[in-house]
Amino acid sequence: MTNVIHTEALTKTYASGTNEVHALRGIDLSIAPGEFVAIMGTSGSGKSTLMNILGCLDTPTGGAYLLDGVRVDGLDRNALADIRNQKIGFVFQGFNLLPRTSAIENVELPMLYDRSGKKRDTRALATAALERVGLGQRLDHQPSELSGGQQQRVAIARALVSRPAVVFADEPTGNLDSKSSAEVLGLLRRAVDEFGQTVIMVTHDAAAAAVADRVVILQDGEIVHDGAVGTPESLLDLMKQVA
């Protein structure tokens, strides 16, 4: 079975004045279909840089990256945009919904930008996606008419509506209370368990990471731990050990 994510010796270097900042230092990472992986690390560890490269929002300086069997390192901006649209769903901390647009129109958006030529009933698919996250009665509500937890559920519906190869969740519970956080994490878990989605979540929250199957911890641009998830307490201990 082809890995959804496969990187070999992935590097990212930034120029900072006369200095070079090595944000990623040879990342080897493979993620299989249907895995739920949490990526953790302290500020400056490289986790956001890795997320941006894996999500085709940025390009590596060196190394190889295959997304769903397609080599994407070296692709130009337009090709990366097509890959993002066809193979990736995103859930962000700030929801990133269009403010004066209904929930169903927000969920339809990625399908409207699809240039693959697929013919599909975007309204029906968006409705089904919102029903799946418990918002079937909120189709016409704008973000301002929804709670933070409901807005994040719209964002999850938008990320899942095209059945992408992988869903990236960047601190998806960062702006939510504990009840809404639990609901959002439950939806991501369900996407993996019931629908076979692959979810990669960047988080600093050990309780959120504990919902995943596997945790990858970065430090100074390198993977210092890659293994099964334990309890939130064991994750916190692990973070202290590698810090």
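The values are calculated or read from the model by the stated rules, or taken from the named source; none is laboratory data. Predicted model, so just to flag it, every value in this text is computed and none were measured. Note that we place each Cβ from the backbone using ideal geometry, even for glycine, and neighbour counts take in every protein chain shown.
Structural remarks
- Candidates 20, 8, 35, filtered to the one that is touching a helix residue (DSSP H, G or I) at 6+ places or on another chain (Cβ under 8 Å) and charged (D, E, K, R): 35
- For first residues located in the stretch 138-166 and within 14 Å of residue 90 (Cα to Cα), partners that are polar (S, T, N, Q) and lie 6+ apart or on another chain with Cβ distances below 6 Å form the pairs 154/106; 158/106; 166/198.
- Subset of the stretch 1-21 (residues that are in contact (Cβ under 8 Å) with a residue 12 or more places away in the chain and part of a loop (DSSP other than H, G, I, E, B)): 1, 2, 3, 4
Residue-wise test of (1) modelled with pLDDT of 90 or more; (2) within 30 Å of residue 183 (Cβ to Cβ); (3) β-branched (Val, Ile, Thr).
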position: 19; (1), (2), (3): no, no, no
position: 31; (1), (2), (3): yes, yes, yes
position: 37; (1), (2), (3): yes, yes, yes
position: 48; (1), (2), (3): yes, yes, no
position: 60; (1), (2), (3): yes, no, no
position: 71; (1), (2), (3): yes, no, no
position: 91; (1), (2), (3): yes, yes, yes
position: 106; (1), (2), (3): yes, yes, no
position: 131; (1), (2), (3): yes, yes, no
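For every residue, the table says whether it meets (1) over 22 Å from residue 206 (Cα atoms); (2) aliphatic (A, V, I, L, M); (3) surrounded by fewer than 16 Cβ atoms within 10 Å (Cβ to Cβ); (4) out of contact with any Cys (no Cβ under 9 Å at 6 or more places or on another chain).
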position: 9; (1), (2), (3), (4): yes, yes, yes, yes
position: 17; (1), (2), (3), (4): yes, no, yes, yes
position: 37; (1), (2), (3), (4): no, yes, no, yes
position: 47; (1), (2), (3), (4): no, no, no, yes
position: 51; (1), (2), (3), (4): no, yes, no, yes
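- Unmet requirement for residue 215, which otherwise passes all of (1) modelled with pLDDT of 95 or more; (2) farther than 29 Å from residue 46 by Cβ: (2)
- In this structure, residue 237 does satisfy being of a type in the set (D, E, K, R) and without any contact (Cβ under 8 Å) to a residue 40 or more places away in the chain.
- Filtered by the rule that a residue be in contact (Cβ under 8 Å) with a residue 60 or more places away in the chain and surrounded by fewer than 17 Cβ atoms within 10 Å (Cβ to Cβ), the stretch 56-107 gives 69, 94.
- Considering (1) surrounded by 16 or more Cβ atoms within 10 Å (Cβ to Cβ); (2) under 29 Å from residue 2 (Cβ atoms); (3) without any contact (Cβ under 8 Å) to a residue 60 or more places away in the chain, the lone condition that residue 207 does not fulfil carries the number (2).
- Being modelled with pLDDT of 95 or more, under 16 Å from residue 221 (Cα atoms), out of contact with any Asp or Glu (no Cβ under 7 Å at 6 or more places or on another chain) and outside any strand (DSSP E or B) is not true of residue 24.
- Qualifying residue in the stretch 153-175 (condition: modelled with pLDDT of 90 or more and over 26 Å from residue 210 (Cα atoms)): no
- Scanning the stretch 27-51 for residues that are farther than 22 Å from residue 193 by Cβ and in contact with a Leu (Cβ under 7 Å, 6 or more places away or on another chain) turns up 27, 41, 45, 46, 47, 49, 50.
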